[in-house]
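Notes follow the structure.
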Amino acid sequence: MAYSREMIEKVIGANDIVDVISEYVELKKAGKEFKGLCPFHREKTPSFMVSQEKQVYHCFGCNASGNVVTFIMDIENLTFKEAIEFLADRVGITLEESQLSDQEHRRKKLIDEIYKINKLAAMYFYNKLFSEEGRQALAYIRKRGLTEATIKKFGIGYSPPQGNGLLNFLKEKGYTESFLVKAGLLSQKNNRYYDRFRNRVMFPIIDVKGNVIGFGGRSIDDSLPKYLNTPETEAFKKGKTLFAINFAKKTQQDKFIIVEGYMDAISLHQAGIDCAVASLGTALTGDQARLIKRYKGNVVIAYDADEAGISAALRGLDILDELNLNIKVLTIPYGKDPDEFIKKEGVEAFNQLIENADSLIEFKAKVYRKNLDLNNPQDRIIYVKKIAKDIAKLSDEVKREVYISSVAKVAQISENAVRTEVARFVNRGIEKNQKNMYMAGKIRHNIYSSSSKISPEKYLIALLLYDNNLYKKVKETITADMLENVKLKPIFEEIMSRLEDRKKTQINDIVYLLQDENLISDFNDIIKAFYESENITEQAIDDIINKILINSLAVKREKIKRAINEAHMLGDMDKERQLLIELQNCEKEMLKIKNG
């Protein structure tokens with residue numbers, strides 16, 4: 001563990017969930033709990049509930065659940081360890097690392113070594129750019145209009161074409177080929193190792209803490225792919241970071257401008273627009289959107305104006321919209337990208353484009369109209385239905401009315417017709433929300449059913465946390481080995497051990513286990529069930545226990561059947577006869593449980 005259990009519990013205990021979530025969501029008292037608009041999806045009717053008593057939250061709209069740590073992990077796009085550090089800083093607690101486990105120590109050492117070797121590689125590439133080998137690459141970069149200061153600021157470099165230059169350089173530093181493959185700097189084929197990046201202009205990718213986590217390489221000849229990134233490593237996850245975020249996070253502007261490519265971001269920074277970040281050539285991901293929200297509430301998307309760029313912008317818009325960010329879309333004329341436009345028209349013209357950027361609705365309206373003939377009645381219907389769905393998402397009534405009026409003029413129909421269509425989508429959203437709340441109420445009275453997506457094992461753990469008095473009943477029937485999901489065993493064992501020692505056990509007493517981040521998804525399911533554990537009936541508890549017992553016996557039955565086949569193949573009649581008796585007993589036990 002990176003931090004001791006005691007330290008984690010101290011941090012959690014000092015951060016009341018209502019106080020923390022109130023910094024992100026406006027919460028209002030609702031009976032014993034607090035209610036607000038969910039920060040993880042767009043909604044108009046509050047379905048996000050926070051329990052101060054239980055120190056958990058649950059959204060009945062999108063099913064987001066968790067405690068104060070998982071909330072910070074999701075809202076701030078942090079790892080478990082980073083979330084603990086964030087919360088510790090919030091309340092002024094100084095953290096001390098305890099002894100790392102062997103596995104965590106190895107992983108931390110690997111990541112630190114990758115950072116170190118990437119820094120060496122970046123220096124190697126930078127020096128090569130200014131060598132005789134890099135003459136052509138340097139000419140290409142200068143032709144693109146980059147100054148010496150910009151090249152230095154972004155650490156732009158060059159990877160020679162031979163395929164072994166970086167390999168030999170790093171081997172001299174004592175690094176092995178196998179480690180260089182893990183770092184994403186080498187490729188391997190037929191027992192031969194060679195530089196992954198060859199004859200490319202190199203762009204170091206730097207995270208918010210200043211670590212070189214990977215590289216992007218642009219070919220300077222006709223070789224494909226045109227752009228090549230570091231593969232996924234322990235240090236580099238392409239969908240979790242943004243190029244130039246290390247500089248953009250320091251901007252004094254109230255927004256980020258998201259572009260597609262490295263050169264677009266670099267050109268904007270060189271022009272004094274220091275809030276630009278690039279999405280590494282991919283459609284914007286949820287993790288990247290949450291990283292943006294961590295720093296800014298306003299976003300301008302400036303993707304290329306071609307079909308691919310528009311499609312990518314639309315996907316990114318929906319992701320950003322779900323996080324309630326204020327979004328605008330900058331359309332660059334003449335089909336140019338930001339880099340080309342600034343070189344041709346200048347920075348003032350680009351700033352004017354930012355000023356005149358379309359709102360989310362305006363951009364979508366343009367896209368929807370693009371392939372429609374609004375003189376055709378059928379196309380007008382398609383257009384109104386599409387845009388009405390987006391207008392219905394607006395919570396601002398004035399904005400909604402303005403866009404209704406605009407759409408009515410474009411579609412050549414009355415405002416009332418558009419308003420009726422918008423209202424249909426608004427009402428549908430309200431009905432859906434009410435249905436979710438109604439279903440949530442039903443679940444509270446019947447916590448587990450065969451149609452539930454949450455396993456009975458998770459419900460059992462949730463019930464133990466909700467009512468510690470169930471310990472005796474569970475101890476008499478269920479052991480950790482009966483759990484089909486092996487990841488749940490440490491959670492179950494920890495709870496049972498604490499209850500055996502007569503220690504009151506709640507959600508926050510097991511949160512330290514989430515330092516194994518493979519458990520987070522299961523943990524959130526447990527919290528969903530925990531949140532809904534009021535008014536649970538004895539019959540429902542028995543149903544859950546019986547389901548686990550039957551599942552365990554079903555696994556045992558299959559093992560016996562395989563053993564019978566093996567004994568039969570080997571001609572071991574005595575063993576086969578003994579196993580057949582075991583199988584019969586197992587099936588009798590299953591039948592007995594099913595029949596009550």
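A short reminder: the numbers here are calculations on the coordinates, not readings from a lab. Quick caveat, the model's predicted, so the values are computed rather than measured. With ideal geometry, Cβ positions are generated from the backbone for all residues, glycine too; neighbour counts draw on all protein chains shown.
Here is how the numbers come out for the structure above:
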| read-out | value |
| --- | --- |
| Phi-based couplings in Hz for the stretch 366-375 (Karplus 6.51, -1.76, 1.60; Gly and Pro marked x) | 5, 5, 5, 6, 3, 10, 10, 9, 6, 7 |
| Candidate aspartates and glutamates for bridging to residue 386, where Cα separation is under 17 Å - those fewer than 8 sequence places away on the same chain excluded | 318, 321, 362, 373, 401, 415, 421 |
| Greater than 32 Å apart at Cα, pairs in 238/559; 238/504; 10/296; 182/249; 182/343 | 238/559; 238/504; 182/343 |
| Net charge, residue 575 excluded, C-beta distance under 11 Å - Lys, Arg +1, Asp, Glu -1 | -4 |
| Under-5 Å amide H pairs with residue 200, H placed in peptide plane, nonlocal only | 159 |
| Local net charge near residue 585, Cβ-Cβ under 14 Å (Lys/Arg +1, Asp/Glu -1) | +4 |
| Under 5 Å, built H, 5+ apart or other chain: amide partners of residue 164 | 195 |
| Contact order normalised by residue count of the stretch 245-356, Cα under 8 Å, 6+ apart, percent | 27 percent |
| Rounded to 5, percent antiparallel among DSSP beta bridges of the stretch 194-325 | 60 percent |
| Amide H within-cut-off set for residue 301, under 5 Å, with H built and near neighbours excluded | 258, 328, 329, 330 |
| Gain in span if fully extended, residue 375 to residue 150, counting 0.36 nm per residue against the direct Cα distance | 75.9 nm |
| Within the chain, percent of DSSP bridges classed antiparallel, to nearest 5 | 75 percent |
| Unpartnered cysteines - no second Cys beta carbon under 4.7 Å - across the chain | 62, 275, 586 |
| Integer Hz, Karplus 6.51/-1.76/1.60 couplings in order for the stretch 237-245, x for Gly and Pro | 10, 4, x, 10, 10, 9, 5, 6, 5 |
| Per-residue ³J(HN,Hα) for the stretch 130-143, Karplus 6.51 cos²θ - 1.76 cosθ + 1.60, θ = phi - 60°, Hz, x for Gly and Pro | 9, 9, 4, 5, x, 4, 5, 5, 5, 5, 5, 5, 5, 4 |
| 27 Å Cα-Cα threshold exceeded, pairs from 458/592; 29/385; 143/336; 81/240 | 29/385 |
